[in-house]
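Notes for the one structure printed next.
All of the numbers you see were taken from the coordinates with simple rules; none came from a lab. It should be emphasised that the depicted structure is a prediction, and the values quoted were computed from it without experimental measurement. Here the Cβ is made from the backbone with ideal geometry for all residues, glycine too, and neighbour counts use every protein chain on show.
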Amino acid sequence: MSLQEAENRSEVAVFFNIRNGFIMEEKNSKQFRKTGRKPKNDPAVHRYSINLNAEENAKFLALFDQSGISVKAHFITACIFQKTVKTVKIDMNAVEYHAGLTKFFGQFRGIATNYNQIVRLLNANFSEKKASAYLYKLEKQTAEMKELLLKVLILTDEFENKYLNKE
């Protein structure tokens, strides 16, 4: 390689370096847009580990399930820092009683609808004498249903007072 070729190469290299440096400075001066999640103001970076035996783990999982919190880390943090943790206990007997009561009142509404239809049919298709006779029988049945409904309401009040803790 001759001296002149070396000088040409060095000039090319210097020109290339100058040009690359200029491009780099130009890129650095532009603002890049960040994509992705915004960083948190106070990120949780301190982590701790605990070990539980089988019995303690069972108790922990039971408390966690009762709390209704979906993330175990949030549950542990709430327990450590004395935050209030909700525990919801579902009494299946109360749920079944409520379901039965709901069905009963649904049937009761159906009977009320049928009652109105029967009264309309009696007034439209029978004479006043026959209609009043049938209405008298219907009134007796209605009085029995009223007594039954009052018993159900009394039993419901007793059940709520005895088994449901209203706070």
Could you work out how far apart the two model spin labels at Ala112 and Lys162 are, taking each label as a point 7 Å from the Cα in the direction of the beta carbon, and quote it in nm? 2.8
Points 7 angstrom from Cα along the Cβ direction at Ser127 and Arg47: gap in nanometres? 9.3
Whole-Hz Karplus ³J(HN,Hα) for the range 117-122, in order, using 6.51 cos²θ - 1.76 cosθ + 1.60 and θ = phi - 60°, x for Gly and Pro? 5, 5, 4, 4, 5, 4
In sequence order, what are the phi-derived ³J(HN,Hα) couplings for the range 108-116 according to the Karplus relation 6.51 cos²θ - 1.76 cosθ + 1.60 with θ = phi - 60°, rounded to whole Hz, with x for glycine and proline? 4, 5, x, 5, 4, 5, 4, 4, 4
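Using the structure shown, list the pairs from Lys38/Lys83; Lys40/Lys72; Lys103/Lys146; Lys103/Lys151; Lys59/Lys83 with a Cα-Cα distance above 22 Å, or answer none. Could the numbers behind the result be given before it?
Numbers: Lys38/Lys83 28 Å; Lys40/Lys72 20 Å; Lys103/Lys146 17 Å; Lys103/Lys151 16 Å; Lys59/Lys83 19 Å.
Table pairs above 22 Å Cα-Cα are Lys38/Lys83.
Assuming 1.002 mPa s and 20 °C, estimate D for the range 92-163 with Stokes-Einstein, Rh taken as the Kirkwood radius over Cα pairs, in µm²/s. Mind dumping the intermediate values first?
Numbers: Rh = 14.3 Å.
Calculated translational D: 150 µm²/s.
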Quick one: Karplus J couplings for the range 68-74, per residue in order, coefficients 6.51, -1.76, 1.60, θ = phi - 60°, nearest Hz, x for Gly and Pro? x, 6, 8, 10, 5, 4, 5
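Can you sort Ser67, Ser127 from fewest to most other Cβ atoms within 10 Å of each residue's own Cβ? Write down the numbers at each step before the final one.
Working: Ser67 17, Ser127 8.
In order of increasing Cβ crowding within 10 Å: Ser127, Ser67.
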